[in-house]
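**Student:** Provided herewith is a single structure, encoded as structure tokens, for subsequent inquiry.
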Amino acid sequence: MNNNPISDNPSNSNNKNNGLDGKKHSFNRSYWNEQLKQLPAPCRSVLQGRFSNTPFSFLSATIVQELQEASGLDQAELGLLLLPLATSFAVAPVSDFFVGAIAFDSDGNAYFGANFEFAGTHIGQTIHAEQSAIANAWQLGAKDLALLVINYPPCGHCRQFINEVKLANNFQIQLPNSEPKSLTYYLPEDFSPKDLGIEDRILGKQTQQSDNNNATLDTDLKEMAKLAHDTSHAPYSGNKNGIALLYEEGENKEIVSGRYAENCAFNPSLPALQVALNSRRLQGKDWQNIKQAVMVETKTTLSQFDNASGLLKEICGVALGVVALDSY
Ligand SMILES: [Zn+2]
């Protein structure tokens, strides 16, 4: 790739000391605005026309196309250019190290993601930036993944996580100052769902409503958790799981749900609570101000209740309600 748009920006070669503060959990608007200001004027104009000053973590294929026309960049180059905006969503109180990712589906829609660490609990609760972007795509109804742009090489955990996703034929991973490469390059001789006789993948299923800004009743919470449960991905254990979180901001009550993304190698699985918190954070809103939480789970030899309740207690002190369904 020529004229890599990100290579001249020192904040992308070393994300330490770049103006983000890992200890701050709320979305850093001033950092976001700074990154916007650094974009070429034609791109800024497209984004300000579409979003005014509201932060965004999803770009429709139409807007991606407009940005490509305005900048003259191809999709991967545009992804690299926009990475600092995705990185703005990072929450890194443990590492103070900020990772951003942008997933594109084969229709050309773009989904942002960033790393998300939780203080006061165990390190295994962390969401990696690649997982964040993929969870965002899944929640918003993406049907596959064609390109993943990241500011650091994917760790082994993420390579295995990506291998669970439905990928378009020409799926590529793009890093700064590098040629795009396939997942096969990053994960040769892979252990895959096929080794366990599973054809299902994350993404590709019918989209679901992942948030509800007019929620007023407890039943809404349970219904959304049930819907998330029903569309979760748990082909290895049958431990289907969905969570719905109720947020209150003044008069507004908002529900955000999340569904479980299981992995054939088990440990890179992403719990439903993480998927819900990720969706909320990527709206640029307060993700800790939870008033009520409900999990719907198919109990098998596994249960995710203790793990989710522990994290929830650390975040907001709210007790997790649970509706356990019989295994089938
Ligand atoms: Zn990773």
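Derivation of every value follows stated rules applied to the coordinates shown; laboratory data play no part. Every value quoted in this text rests on a predicted model; they were computed, and no experiment measured them. Cβ sites come from the backbone with ideal geometry, for glycine too, and all protein chains shown count toward neighbours.
**Student:** Can you tell which of Leu302, Leu245, Leu312 is in a loop (DSSP other than H, G, I, E, B) and among the aliphatic types (A, V, I, L, M)?
**Tutor:** Result: Leu302 is the single residue among Leu302, Leu245, Leu312 that is in a loop (DSSP other than H, G, I, E, B) and among the aliphatic types (A, V, I, L, M).
**Student:** Follow-up question, since we're still on this one. May I ask you to list the residues in the range 64-91 that are small (Gly, Ala, Ser), closer than 20 Å to Asn33 by Cα and surrounded by 21 or more Cβ atoms within 10 Å (Cβ to Cβ)?
**Tutor:** The answer is Gly79, Ala86, Ser88, Ala90.
**Student:** Looking at the range 298-314, is at least one residue without any contact (Cβ under 8 Å) to a residue 24 or more places away in the chain, surrounded by 17 or more Cβ atoms within 10 Å (Cβ to Cβ) and closer than 24 Å to Thr219 by Cβ?
**Tutor:** Yes, that holds for at least one residue.
**Student:** Which members of the range 115-140 meet the condition of being within 16 Å of the ligand (Cβ to nearest atom) and over 21 Å from Gln172 (Cα atoms)?
**Tutor:** The answer is Phe116, Glu117, Phe118, Ile123, Gly124, Gln125, Thr126, Ile127.
**Student:** Okay, next question. If you take the residues of the range 160-173 that are in contact with a strand residue (DSSP E or B) (Cβ under 9 Å, 6 or more places away or on another chain) and within 16 Å of the ligand (Cβ to nearest atom), which of them is farthest from Asp190 (Cα to Cα)?
**Tutor:** Among residues in the range 160-173 that are in contact with a strand residue (DSSP E or B) (Cβ under 9 Å, 6 or more places away or on another chain) and within 16 Å of the ligand (Cβ to nearest atom), the one farthest from Asp190 (Cα to Cα) is Ile173.
**Student:** Could you tell me which of the residues Asn136, Asn115 is in contact (Cβ under 8 Å) with a residue 40 or more places away in the chain, crowded, with 24+ Cβ neighbours inside 10 Å and within 13 Å of the chain's Cα centre (by Cα)?
**Tutor:** Being in contact (Cβ under 8 Å) with a residue 40 or more places away in the chain, crowded, with 24+ Cβ neighbours inside 10 Å and within 13 Å of the chain's Cα centre (by Cα) holds for just one of Asn136, Asn115, which is Asn136.
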